[in-house]
Structures are given as C-alpha cells and as structure tokens.
C-alpha cells in the first residue's frame, strides 16, 4: 500500500494502525527471505511463468489424449464402414460353421459354398457389433491392419506338404469333407 492510500484508509476508518504495521512487517519479512538481488516482483513473475508453463504442459497432454480418442473413434468408424459395405449375405445358410470368439465357441449358419470359401480362406468372419459378418479375404486383411481383434476367422492358404513315403499322397483330402 502506498502512504497516501494507507492514510486515506486510516482516515476513513477502514483499517487500523495495527493492520497497517502488520502489513509493512510481512512485506519486509518476505523481502528478507528472497535471495540477494531479487525483488518480490521478480519472484511473482517467476511463479507466474512456472504456472503458465505447467498449464501449457497439461493442456498439451489433454489435447494429445483427445487426439488419440478421436483417432480411435475414426478407426472404429472406418472398420464399421468397411464391414457394412462389404458384408456377404449369409441368409438361407443351412450348414453350421463353428469358430472361437473370446474363448467361447460360436456358431453361425452359412451356405455350403460359403463354408467351402471359409475353409479355403477366401472369406473370413469378423465381429460386427453383437453379430458376425462374412467378408472377403482382401477386406479382412485391411481390417486386420486397423484392428486385428475384429477379424475372428481368416484361414491362411497353405500349400500342403506331401511326404514322399506317404502311401496316400495320390489321394488328397477334399476341402469340403465334413467330419
């Protein structure tokens, strides 16, 4: 407080002399505690600058988290759009195809041709909300690049290795064999 302001407050009766002296003492005490050559204003500026830097750091972290959440949301939307656009109709299926989904055996009904395509790896099964969708292998590969947990079944095409001494080498196992 400046002297004139202190005098005005004292004359108006808003503060007591005791309060004015206590304020002056606390101001002197704070100035003594500062390192040599530094004033109370320098300390306030430093604290304000540190607070601004901390706030900026927290804002950057929050923005980064928001960006990650937005990217995840966009990725889920892309996957959903791919699934809905390229979903193969499986209505009228009479053959059961069983597969594992989160350690549980699930069953969907597909047509005989679709069952054969699933076995050969030409189509796959992906999770679409609470249901499952049949999708072409190329689309399943694109979805796997984005999130591998969505594609549940995509059999890889492997060349059969035939042993030279195998007496049944001339009799391959058909793909559509049902056990």
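The table below gives the values:
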{"quantity": "Residues that are surrounded by fewer than 16 Cβ atoms within 10 Å (Cβ to Cβ) and assigned to a loop (DSSP other than H, G, I, E, B), drawn from the stretch 88-102", "calculated": "89, 91, 92, 94, 102"}
{"quantity": "The stretch 99-108: number of residues that are without any contact (Cβ under 8 Å) to a residue 24 or more places away in the chain and in contact with a strand residue (DSSP E or B) (Cβ under 6 Å, 6 or more places away or on another chain)", "calculated": "2"}
{"quantity": "Number of the condition not met by residue 102 [criteria: (1) within 30 Å of residue 138 (Cα to Cα); (2) at pLDDT 90 or above]", "calculated": "(2)"}
{"quantity": "Any hit, the stretch 60-82, residues being under 21 Å from the mean Cα position of the chain (by Cα), more than 30 Å from residue 143 (Cα to Cα) and either part of a helix (DSSP H, G or I) or modelled with pLDDT of 90 or more (or both)", "calculated": "yes"}
{"quantity": "Test: residue 92 is without any contact (Cβ under 8 Å) to a residue 60 or more places away in the chain, touching a helix residue (DSSP H, G or I) at 6+ places or on another chain (Cβ under 7 Å) and within 30 Å of residue 173 (Cα to Cα)", "calculated": "no"}
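The values are calculated or read from the model by the stated rules, or taken from the named source; none is laboratory data. Nothing here was measured: the structure is a model prediction, and the numbers come from that model. Backbone-built Cβ (ideal geometry, glycine too); neighbour counts: all protein chains shown.
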